[in-house]
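Written below as structure tokens is the structure these notes are about.
The values are calculated or read from the model by the stated rules, or taken from the named source; none is laboratory data. Computed from a prediction, not measured in an experiment: that's the story for all the values here. Cβ coordinates were reconstructed from backbone atoms using ideal geometry, including for glycine residues, and neighbour counts include every protein chain displayed.
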Amino acid sequence: MELPGKPKAFELLAFLLRSPGQVFTRDQLLEHVWGYDYGGETRTVDVHVHWLRSRIEADPGNPSFIHTVRGVGYVFRRPS
């Protein structure tokens with residue numbers, strides 16, 4: 001079964017991997033991954049992060065890699 005957004009989810013992951021430890025707002029992620037002219041909602045980022053976590057995290061409910069920074073956005077952290 002093909003899930004919509006897979007290519008963008010991996011682009012999102014690649015973008016976050018290039019700057020570990022840096023927090024990005026949803027708007028910044030939309031701009032850098034989806035492009036300046038993206039007319040969708042910032043919720044798109046949340047959906048793609050959820051999809052990524054379900055694939056790369058051992059426990060998606062307690063992520064080790066992609067962390068939510070409440071009220072801001074997301075950050076990729078290397079586990080200690």
* Structure fact -> Contact list, first residue from segment 15-37 and without any contact (Cβ under 8 Å) to a residue 60 or more places away in the chain and assigned to a loop (DSSP other than H, G, I, E, B), second anywhere and buried (at least 17 other Cβ atoms within 10 Å of the Cβ) and of a type in the set (S, T, N, Q), beta-carbon distance below 8 Å, six or more apart or interchain, is none
* What are the residues in segment 46-80 that are surrounded by 12 or more Cβ atoms within 10 Å (Cβ to Cβ), part of a loop (DSSP other than H, G, I, E, B) and among the small types (Gly, Ala, Ser), if any? -> 64
* residue 43 at pLDDT 95 or above and surrounded by fewer than 11 Cβ atoms within 10 Å (Cβ to Cβ) -> no
